[in-house]
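First up is the structure itself, then whatever we jot down about it.
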Amino acid sequence: MPPLAVETDALVKKYPKVQALGGVSLSIEPGEIFALLGPNGAGKTTWISIVCGLTRATSGHARVLGHDVVADPMAARRVVGLVPQEINFDPFFTPREVLRFQMGYFGVQPSNDRIEELLAALALSDKADVSSRELSGGMRRRLLIAKALVHRPRVAFLDEPTAGVDIALRKDLWNYVRKLRAEGTTIVLTTHYLEEAEELADRVAVIDHGRLIAVDKPEVLLRQHGKKRIRFTFDAPVVAALPARLLALGATLENGGTSLSCPLEGDASEVLAAAAALPARVVDLRTEQPSLEQVFLALTARVERRA
Amino acid sequence: MNTIGFKTLLSKETRRFLKVPGQTVAQPVITTALYFLVFGFALGGRVKELDGISYVRFIVPGLVMLSLIQNSFLNTASSMFIAKMQGTIVDLLVAPLSPGELLTAFTLAAVIRGFLVGSIVWMVAAIFTGFSIAHPLWTLLFALMVSIEFALFGLVVAIWSDKFEQLNLIPTFVITPLTFLGGVFYSAHMLPEPWATITKANPVLYMVEGLRYGILGQAHSSPWVGLILTGVLTAVSGVAVWVMLARGYKLRG
């Protein structure tokens, strides 16, 4: 059996005042696009930093393609590429020079073709020979992505790769990520744009307060934690109290009584009949698909309540 | 062993200071040339001879030592500290570069800068005082050892420092005083007691004396004393840097 792309066993990271990770175990298959979601300070970056060897775990183990990141750090690092969350740039050098260095650091003979390919993929070709100081924020972020990928890592960690990148380029990046996966690269990404995770990820993990609260395919999480809803709009506000059978279905009046929202599970005819019986005319009707955002908010709110 | 990685880092560190030659090469050369003019020629007229050597010739090894120390220290210290502050250190920390490879590449680039500036300073001085070197091997050996030692020391200080202020603390309060009091511009013999004895605790004195022996062929202390002392300091600094890098001290969280 080929080794897992990334595997962490009960990873704990304690700082003097806070516990950033409280025992996170995750297994990521080779060739997956895996999204780590969680509120700010949930422990996503700490988890990535430990796997990439930038931070030491207090306890637990992390392996990349079977190489333990502490016992065999050089082998683990050779197969990894990291887009750090914090933008960094070296004002002394141009993007082209920076990419040459980055290839070399990973023991790969620098190749002009590969550098040109990445500059083009990240829309940096016309800035290849200017000082990194002259790049805009979005360009610096893209240069970070190019640096992380230039040596063809087998596992790429992208910590908020599209923060501050405009929408058109973001779509290009998504396509590039899919192309990388098609070539066999495992991608682990964190993002604040839930539509990004929904669009790209094969599996999603939700982390909060340093603990893993859910891992699954987005469609499974949506099915388990998301609720499809039906929404009626009326020609006049409904002022009377809702009938018991609508309340039992979880329906609520919104917008001053001019609309009614109700979770939809299985049979819709009961809701339709009950809504039609209300003392107002239905002028619009639509259903709302569950989104990862709802699921995310529901999952993290649950932790919040427990905490 | 990541040979390509090591060579890449060495080339990057060397090109970093060559990109700003005005600051990294020309400026130290101008400063040292000014010392040479002011102390060598203006004062030299009054001092005439020291230990049987014309004062202008006497200060040449000290000035070369001054530029070796300052430039090799500054190269590693500024490069490492800037990388930490700008976050580009992450590029090196995630790469498969061992502590030994990082240490050697940073140090070697700094030695190259020290040698570059040191030899230009020597050549400028030699135009006035002559190009002869009494013991070329001792000269090279001292130049090399001292550059390595201060390059390593620069790494220790840069890794340890969290703020610019801390980075400047060591050059201002340790390196500059020890260098100037290490007999760059005078012979330690000229000092009255107790200073003549106190000066003997200054390691830079033996480095300057060592280079003076190499270039001029005479010094007050044996070059072996300087060599052993510098060797011990270099070994201690080397181990310190290696441990800092291997443990990720102030580098890996």
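The values are calculated or read from the model by the stated rules, or taken from the named source; none is laboratory data. Bear in mind the structure is a predicted one, so any value in this text is a computation, not a measurement. Cβ placement follows ideal geometry from the backbone for every residue including glycine, while neighbour counts extend to all protein chains displayed. These accessible areas exclude ligands, DNA and RNA; they are computed on the full protein's heavy atoms, side chains included. Shrake-Rupley method; radii C 1.70, N 1.55, O 1.52, S 1.80 Å.
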**OP:** Would you tell me the mean number of C-beta atoms belonging to other protein chains that fall within 10 Å of each C-beta in B:82-93, as a whole number?
**Re:** 5
Original post:
When the helices in chain B are scored as -39500 (n - 2.57) per DSSP H run of 4 or longer and the sum is shared across all residues, what 222 nm value do you end up with, to the nearest 500 deg cm²/dmol?
Top reply: -23000 deg cm²/dmol
Subject >> Heavy-atom accessible surface of the protein assembly as shown: percent carbon and sulfur, 1.4 Å >> reply: 61 percent
Original post:
Sorted by packing (mean other beta-carbon atoms within 10 Å per residue), highest first, where do A:42-55, B:95-108, A:250-263, A:280-293 land?
Top reply: A:42-55, B:95-108, A:250-263, A:280-293
Subject >> Span-like helix ranges in chain B, DSSP H, alpha carbon extent 30 angstrom or more, Kyte mean at least 1.0 >> reply: B:99-129, B:136-160, B:223-247
**OP:** Give me a single rounded figure for A:98-104: the average over its residues of other chain Cβ atoms within 10 Å of their Cβ.
**Re:** 5
Subject >> Nearest-0.05 FRET efficiency for A:GLU117 and B:GLN27, computed from C-beta distance (R0 41 Å) >> reply: 0.55
Original post:
Roughly how many debye, to the nearest 20, is the charge dipole of the protein assembly as shown about its Cα centre, given +1 on each Lys and Arg Cβ, -1 on each Asp and Glu Cβ, and no other charges?
Top reply: 680 debye
Subject >> Anchor B:LYS19: lysines whose Cα lies under 25 Å away (excluding residues fewer than 8 positions away in-chain) >> reply: A:LYS127, A:LYS147, B:LYS7, B:LYS84, B:LYS163
**OP:** Compute the Rg/Rh shape ratio of chain B: radius of gyration over Kirkwood radius, all on alpha-carbon atoms.
**Re:** 0.99
**OP:** State in Å² the accessible area per residue of segment A:227-289; use a 1.4 Å probe, count heavy atoms of protein chains only, and round to the nearest integer.
**Re:** 57 Å²
Subject >> Over 19 Å [Cα-Cα, segment A:227-289], rounded percent >> reply: 18 percent
Original post:
Taking the Cβ-Cβ separation of A:ASP166 and B:TRP195 as r and a Förster radius of 56 Å, what is the calculated FRET efficiency to the nearest 0.05?
Top reply: 0.25
Original post:
Any idea which of A:ALA301, A:GLN102, A:PHE34 is furthest toward the positive side of the dipole for the protein assembly as shown, if Lys and Arg beta-carbons carry +1 and Asp and Glu beta-carbons -1?
Top reply: A:GLN102
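Taking every residue in B:10-17, how many Cβ atoms of other protein chains lie within 10 Å of its Cβ, on average?
Partner-chain Cβ atoms within 10 Å, mean over residues of B:10-17: 3.
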Original post:
If you take the square roots of the eigenvalues of the alpha-carbon gyration tensor of the protein assembly as shown and sort them as a ≥ b ≥ c, do you get rounded (a/c under 1.5), prolate (a/b over b/c) or oblate?
Top reply: prolate
Subject >> Simple spin-label estimate for A:SER125 and A:GLN224 in nanometres, 7 Å along Cα-Cβ >> reply: 4.5 nm
**OP:** Would you please name the GluC sites (Glu not before Pro) within segment A:139-238 that are DSSP coil residues with at most 13 other C-beta atoms within 10 Å of their C-beta?
**Re:** A:GLU183
Original post:
Label-point separation (nm) for A:GLU288 and B:LYS163, each offset 7 Å from Cα along Cα-to-Cβ?
Top reply: 5.1 nm
Original post:
Residue by residue, what Karplus-based ³J(HN,Hα) values in Hz, rounded to whole numbers, does segment B:163-173 have, using 6.51, -1.76 and 1.60 with θ = phi - 60° and x for Gly and Pro?
Top reply: 10, 4, 4, 5, 4, 7, 4, 5, x, 6, 9
